[in-house]
1. Can you confirm whether residue A:126 is facing chain B (nearest Cβ under 8 Å), within 21 Å of residue A:332 (Cβ to Cβ), surrounded by fewer than 24 Cβ atoms within 10 Å (Cβ to Cβ) and in contact with a strand residue (DSSP E or B) (Cβ under 9 Å, 6 or more places away or on another chain)?
2. Since residue A:324 meets every condition but one in (1) within 14 Å of chain B (Cβ to nearest Cβ); (2) touching a strand residue (DSSP E or B) at 6+ places or on another chain (Cβ under 8 Å); (3) surrounded by fewer than 24 Cβ atoms within 10 Å (Cβ to Cβ), which condition does it not meet?
3. Mind telling me which of the residues B:124, B:128 ends up being part of a loop (DSSP other than H, G, I, E, B) and under 20 Å from residue A:185 (Cα atoms)?
4. Which residue pairs have Cβ atoms under 6 Å apart, sit 6 or more places apart or on different chains, and have a first residue in segment B:104-123 that is facing chain A (nearest Cβ under 7 Å) and a second that is part of a helix (DSSP H, G or I) and modelled with pLDDT under 95?
5. Considering only residues that are at the interface with another protein chain (Cβ under 7 Å from one of its Cβ atoms) and not in a loop (DSSP other than H, G, I, E, B), which ones fall in segment B:78-90?
6. Would you be able to say whether some residue in segment B:155-170 is over 22 Å from residue B:234 (Cβ atoms), within 20 Å of the chain's Cα centre (by Cα) and in a strand (DSSP E or B)?
7. Could you list all residues from segment A:36-51 that are in a helix (DSSP H, G or I) and within 19 Å of the chain's Cα centre (by Cα)?
8. Which numbered condition in (1) surrounded by fewer than 18 Cβ atoms within 10 Å (Cβ to Cβ); (2) touching a helix residue (DSSP H, G or I) at 6+ places or on another chain (Cβ under 8 Å); (3) within 30 Å of residue A:316 (Cα to Cα) is the only one that residue B:58 fails?
C-alpha cells in the first residue's frame, strides 16, 4: 500500500469484503430496507434484562452469524476491530469477551464502522488473512445515556435523529473476488462550532465534506467516478447541508449521493424526524443492503463515508461545541 | 511484516520510537519518577474550569511538546492514534480538534497507549512516515465518572488504585536509530469473573498473563530475553497475582518484571493503596522514564504490556464481571 495525497492510502492488493451480516431492531424491521437484513428482532430486549445487555447480545449474535455465513471460523480470524456508542464501548467488549480473537477497540462515534474498515484493510494487506469489523448501537441505551430517560416521553426536536438498533459486521480477507476496498481516506477532526446536541447532522456535515473533498483531491477522482456516494447518518438535515458545502467547494454530488439515515426509515410512515443515526446505521445499511447491491453488480463503485460526533453529555453540559469526524473507503467490484 | 504464531506480528523494518513527551499532575510530581517528566502541573485544573477541560488541555499541550521535541511538524504526521478513559474519549477528540491530523480514535481502557503503539507500528511499516500515539487520564475526572463525587471524600479500599493525571505521547517513525518496536502481540479479551470494581489489578492480571505467555509462545522467547518486562497498571495487588499466574504456567518473571502503577508513586509516602492506574500511567512512565533508559542504553530490551479493564459504571451496576485486555510491544535498541 502507499499513501497518496495528504489523507488517503491506496492498496496494491486491495482486500476483499468477503461477507457481511446484520441484525436490526423492531423499528428498522418495519422500514424500507427490512428485507435485506439477516435477522430482525421482535422487541428491544432480545431476551435480556437491560438494553445494554441486549445491545451486547446483538453484536455477539451478529458476529456468530458472520462467522457462519463467511465460512471463516473464529480461529482463522487474525483480529477484530469493534466499537460502539456506549460509555467505554461496553457493547463491544462484553459482546466479544468469549470470542477469543485478538481485539482492537476503536471509537469514532457513528464513524466507527468505516474506521474499522480502514484499519482492517491496512491489516489485511499487511499481515492478516482475515479481519472482522463490527459495530452496534441501540435506540434505548443511546437515549438513556445521551439524552433523557425514555420513560419521560420527552418531545424530540425536528432536527433530531433516531439511533438505529442493530449491528453490522464485515469480514475482510486478503484474498477473494471482491468487492474490494481500493482506497481509504482517514478523516481529521472538524469543529465549526455547532453546539446543538439535537442537531448531529449539522455538526457532522462539515467533517463529511472535508473528507469527501480530501478524497477527491488525493485520488484525482471526481464525484461521477462513483455510482454511489453514501454518508453514514447525516439525516435529512445534514444531507442537505453536505450537498450545499460540497457545491460551494465545486463538487456537485446531488445526483449520486444518499445517506444511510435517510435510507433506513420511511419518512412518511415512521416518525424519526431527520432520519436514522448511530454506529449501526451505516453498519446495517452497508452490511444488509449496499453489500448485496455490490455483490449483484447493481452498483460497482461506492464511496462510503461514515460520520461521527465526538462529544458526550458532559461536554455539552459544559457548553462545548461538537467536533465531527468522517472516514471514507472506496469499495469497487 | 508477518504474523508469527497466533497473536504476534513481527516487523521486517521495525519502526523507531523517535521521541516521547510527558506531562503529569501535582501528585505524580511528588513521586519517585518526577525528574523524568517533561512538565509537571501545580494543580489539577491547569487553568481550566473543569477537570475534563484540564485533561483535554494536558493531552493537547503534550502533543505540542512532542512536535517541538521531535522536530516533526504537524503536517508531516501521517496519522494519530489516541484515546482516553472519559466517556466517548472526549479528552482525545477535544484535545486534538485543532491539530488537523488524520485521526483514529481507539479505546482499550488503560491498555490504550500500547494499543496505539501496536496500530501505529503497523501503519509506520506499511504506509506512514510518522505516526503519533497519545493517551491521557486524570484522577479527578476518572473518580467523578467511574466512582463517587470527590467532594464526598469516600474511603478507598486497600485494593483500589490512583488514576494518574497526565499524558504520555510517542512519535513513531519509519526511519531512525531506535529504540525499535520489533514485535507486537495483540491481546484477547479475558474475563475470569472478577466483579470488584475497586480491584482492577485482579481483574486485569489474567489478561496480562495471557498476552505475556502468548508472546513467549509466538516468538519462542523466554522471560530472560528481556531486560525488563513492564505491565501498565496492575498495581501491587495485580503484580503479585500476575507473577503467580505466570509461574503456574511455567514462566518465572519475578526478577525482571515491574509495573508502572508500582513505579510512579512512593508506597510509603504517597497514599495510593495498590498504586497508580489509568491510560496515563504506562503512558507517562514509558514516555518519561523508560524511553530515556532505552535511549541511554541502560536497558536494551523491554517487553511493554499495557492492561485495560473494559467495563463502565453501568455494567458494574448491572452485576457484570470485568473483562480485561492486554496488548504488548517488544522494544529493543
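1. Answer is yes for this residue.
2. (3) is the only condition that residue A:324 fails.
3. Among B:124, B:128, only B:128 is part of a loop (DSSP other than H, G, I, E, B) and under 20 Å from residue A:185 (Cα atoms).
4. Filtered contacts from segment B:104-123: no entries.
5. B:79, B:83, B:87, B:88, B:89, B:90
6. Yes; the residues of segment B:155-170 include at least one that is over 22 Å from residue B:234 (Cβ atoms), within 20 Å of the chain's Cα centre (by Cα) and in a strand (DSSP E or B).
7. A:36
8. (1)
The values are calculated or read from the model by the stated rules, or taken from the named source; none is laboratory data. Owing to the predicted nature of the structure, the values given are computational and were not obtained by experimental measurement. Cβ coordinates were reconstructed from backbone atoms using ideal geometry, including for glycine residues, and neighbour counts include every protein chain displayed.
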